[in-house]
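A quick write-up on the structure given underneath.
The values are calculated or read from the model by the stated rules, or taken from the named source; none is laboratory data. None of the values given here were measured: they were computed from a predicted structure. All Cβ positions, even for glycine, are placed from backbone atoms using ideal geometry, and neighbour counts span all protein chains on display. Each accessible area value is taken on the protein alone, full model and side chains, heavy atoms only, with ligands, DNA and RNA left out. Shrake-Rupley method; radii C 1.70, N 1.55, O 1.52, S 1.80 Å.
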Amino acid sequence: MKHFSLNTLLCTIVVASIAIAPCKSDDKLITETCSKTPYPAQCVSYIKANYKSNDVKGIAGLGIIMAQDFQLKAEAPKDILFKMISAGKRPDIRFEMIACLGNYNYLIDTTMPEAIDAFKLGKPRLAEAYANTAAIGVSNCEKRFNGKSPITNENNITHEIALILIAIAKQL
């Protein structure tokens with residue numbers, strides 16, 4: 001009886017350790033995919049910073065993570081603009097700030113969810129089109145201020161992510 005209990009215990013430990021062991025992302029997949037983007041180091045950094053990258057499988061999964069990263073990073077300029085508009089700061093550029101805020105809302109709430117769905121449905125050209133929409137939208141936001149917006153740094157980051165996302169979609 002002790003022999004059976006010991007085998008059962010060992011088997012249970014092995015199965016449990018396999019079940020709770022974290023899945024590691026394929027570093028080679030991430031490195032190879034990101035090397036084909038305009039910002040390889042940033043691409044790797046953004047993907048690995050996302051806890052979901054531990055379970056990613058395939059280039060489409062990396063695209064989904066990058067679209068989610070865009071959504072997260074785009075919250076910063078959106079919040080800055082909202083606070084500035086609400087506080088009545090910079091009335092001289094109020095119209096431009098409202099336009100950019102609307103643009104970011106659209107990109108976060110509509111464009112990126114559509115890009116994510118396109119990756120999930122195996123429609124990389126559609127995902128690429130949505131990523132391109134995001135890149136153009138962010139670029140247009142900055143142009144409204146002649147390159148001197150109160151969110152230039154944040155625009156640069158989100159534009160960079162959009163370009164990485166385009167390059168990932170092109171690999172599918």
Which residue is farthest from LEU172 (Cα to Cα), if the candidates are limited to region 131-144 and must be open to solvent by 20 Å² or more (accessible area, probe 1.4 Å) and in contact (Cβ under 8 Å) with a residue 24 or more places away in the chain? ARG144
Do we find a residue being in contact (Cβ under 8 Å) with a residue 12 or more places away in the chain, among the aromatic types (Phe, Trp, Tyr) and surrounded by 15 or more Cβ atoms within 10 Å (Cβ to Cβ) anywhere in region 103-114? yes
Anything in region 147-172 that is at pLDDT 95 or above, open to solvent by 50 Å² or more (accessible area, probe 1.4 Å) and either of a type in the set (D, E, K, R) or in contact with a strand residue (DSSP E or B) (Cβ under 7 Å, 6 or more places away or on another chain) (or both)? List them, or say none. LYS170
Just checking, how many residues over region 50-78 are closer than 14 Å to HIS159 by Cα and among the aromatic types (Phe, Trp, Tyr)? 1
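Suppose we filter ALA87, ALA99, ALA67, ALA76 for residues that are small (Gly, Ala, Ser), modelled with pLDDT of 95 or more and buried (at least 19 other Cβ atoms within 10 Å of the Cβ); which single one remains? Break it down stepwise before answering.
Numbers: ALA87 fails: buried (at least 19 other Cβ atoms within 10 Å of the Cβ); ALA99 fails: buried (at least 19 other Cβ atoms within 10 Å of the Cβ); ALA76 fails: buried (at least 19 other Cβ atoms within 10 Å of the Cβ).
Answer to the selection: ALA67.
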